[in-house]
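The values are calculated or read from the model by the stated rules, or taken from the named source; none is laboratory data. Predicted model only: the values in this text are computed from it and were never measured. Cβ sites come from the backbone with ideal geometry, for glycine too, and all protein chains shown count toward neighbours. Accessible surface areas use protein heavy atoms only, side chains included; no ligands, DNA or RNA. Shrake-Rupley method; radii C 1.70, N 1.55, O 1.52, S 1.80 Å.
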2 protein chains.
Amino acid sequence: MDGRETIAIETADDPRIAEFRALRDRDLTGREGRFIAEGTVVLRMLAGAHAAGAFMAEKILLLKNRVQGVADILALFPPDIPVYVAESDVIDRIAGFHMHRGVLALGRPMGCEGLADRLDALPETALVLVGCGISNHDNVGSMFRNAAAFGADVVLLDETCCDPLYRKALRVSVGSVLSVPFSRQGAASDILASLADRGFAIWSLSPRGSCDIREIPSARRIALVVGTEGEGLPPEILSAFQSARIAQVPGLDSLNVATATGIALYQIAAGMGRI
Amino acid sequence: MDGRETIAIETADDPRIAEFRALRDRDLTGREGRFIAEGTVVLRMLAGAHAAGAFMAEKILLLKNRVQGVADILALFPPDIPVYVAESDVIDRIAGFHMHRGVLALGRPMGCEGLADRLDALPETALVLVGCGISNHDNVGSMFRNAAAFGADVVLLDETCCDPLYRKALRVSVGSVLSVPFSRQGAASDILASLADRGFAIWSLSPRGSCDIREIPSARRIALVVGTEGEGLPPEILSAFQSARIAQVPGLDSLNVATATGIALYQIAAGMGRI
């Protein structure tokens, strides 16, 4: 363990690891703003986010046979963060299901940066992704992964989107939720009005968009707006702003929202000379 | 019901709906080549595939309160395909979990078209997607959805890929597995050699690809090859064929394989003038 002390957990009801108990049942509730990071990739991202001051790790829980393999990641955390270790049968009883990964951490956001703070912090040249009503955790996670890959400066989710810090969204994002700044508050119409005030060209993505994404003119500040897969964006948003579509074979169901976001961000980032 | 007869199922052990029992446990085994189509979108695709002669529907099982809502889809199936109907408690006991969707069908492929048949059937101008070692059902399903959206003529999976007819893959594909021709057989190296023999320009997708996907020259016949997310494509494939990368912010984990496939297919299909 290269000098890192660990604390053995012998029983599932040990109060020190209470936050990891009944993991699935409690994914959506009751950790008072705290979240569960799962797997080595997300643990490494949490270490980076902790060092950057954006998020804080509170404790780590590992399957005993994983300790050696993640020693280099543990070394990235300050020494006062407790590392609890349990055998397989104990960790399964804690989580409430078979935890073959066996790498868990409890984290929390360091501040509660609101929409206005996020907007004020944007650079002169900026690419913003706005999500409206995205309720599927896989899709939200994938959207953050794409935002990171194509250099979006911030992700702004309206208040009807699901929480990107939910365990599965965080895992699907491969930890990008911890590296790409985001907010999740306000109505979509207010978010878009704030962006328009700040000089953003606003493009909503829709299968019936009036222009092809390849025709979106380059601009210093661009916001891409995506909605839910079934319903799409509400008519009042589609009519208030410019809309763009992804060319595809006619007559088919539209693309998955995460894939569509990836393609549109790729195209816009290329147009802005970012990739 | 507009004249369509249904058959009431009163108990979960009724032998007529045996194939739908313990749905999750049996997803990967034991239906002798048959598959489960789930949800109204996939049911509609199955009706189309049945009419086209590619797949055959054997029976349909519906939650009683869904019958009226899917009457227009049922009308697309020949009248001799039995439609079984059960109340919520019965259907939950059949499936082994809470089936809030309540729309299920049992289907099977009509033929067993092999790789050579698929290749011989390709038009002069063709776009082919090849998957190597794709073991995640969500990713395989999304790849088919993208293949359909960007007009790929066929999807060729090597023998180490998972089955795209698995219930969840089929659902994620929104039924595209039933509309885009595919084969799943043979080693990747043999598939690629067959494509090369038939005049395909073969491009493997890799974060370390030697050219940008935007630089792939247009050609009459192009095959895009994608590998697993963790490992990527094996070195012998990467060294034997041309490789291309998707431009992205440096230093990050690569894109999800389904999203990467979507972006690359989009770019190649555009280059071929298909979209």
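The figures follow:
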read-out	value
All positions within the stretch B:130-189 that are touching a residue at least 60 places away in the same chain (Cβ under 8 Å), of a type in the set (Val, Ile, Thr) and at the interface with chain A (Cβ under 10 Å from one of its Cβ atoms)	B:VAL174
Some residue of the stretch A:171-179 being modelled with pLDDT of 95 or more and more than 26 Å from A:THR40 (Cα to Cα)	no
Number of the exception - B:HIS50 against (1) in contact with a helix residue (DSSP H, G or I) (Cβ under 8 Å, 6 or more places away or on another chain); (2) outside any strand (DSSP E or B); (3) open to solvent by 10 Å² or more (accessible area, probe 1.4 Å)	(1)
Selected residue (criterion: nearest to the other protein chains (Cβ to nearest Cβ)) from residues of the stretch B:260-275 that are of a type in the set (Val, Ile, Thr) and in contact (Cβ under 8 Å) with a residue 60 or more places away in the chain	B:ILE275
Among the residues listed as A:GLY273, A:GLY262, the single one being crowded, with 23+ Cβ neighbours inside 10 Å and of a type outside the set (A, V, I, L, M, F, W, C)	A:GLY262
Options B:ARG34, B:ARG26, B:ARG66: the member that is basic (Lys, Arg) and touching a helix residue (DSSP H, G or I) at 6+ places or on another chain (Cβ under 7 Å)	B:ARG34
Residue among A:ARG24, A:ARG31 that is surrounded by fewer than 18 Cβ atoms within 10 Å (Cβ to Cβ), outside the structural domain of A:ALA121 (by TED's automatic domain parsing), touching a Phe, Trp or Tyr at 6+ places or on another chain (Cβ under 9 Å) and assigned to a loop (DSSP other than H, G, I, E, B)	A:ARG24
Selected residue (criterion: farthest from A:VAL130 (Cα to Cα)) from residues of the stretch A:250-259 that are at the interface with chain B (Cβ under 9 Å from one of its Cβ atoms) and of a type outside the set (A, V, I, L, M)	A:ASP253
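For every residue, the table says whether it meets (1) within 14 Å of another protein chain (Cβ to nearest Cβ); (2) open to solvent by less than 10 Å² (accessible area, probe 1.4 Å).
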{"site": "A:LEU192", "(1), (2)": "no, yes"}
{"site": "A:ARG208", "(1), (2)": "no, no"}
{"site": "A:GLU215", "(1), (2)": "yes, no"}
{"site": "A:ALA219", "(1), (2)": "no, no"}
{"site": "A:GLY232", "(1), (2)": "no, no"}
{"site": "A:LEU238", "(1), (2)": "no, no"}
{"site": "A:GLN248", "(1), (2)": "yes, no"}
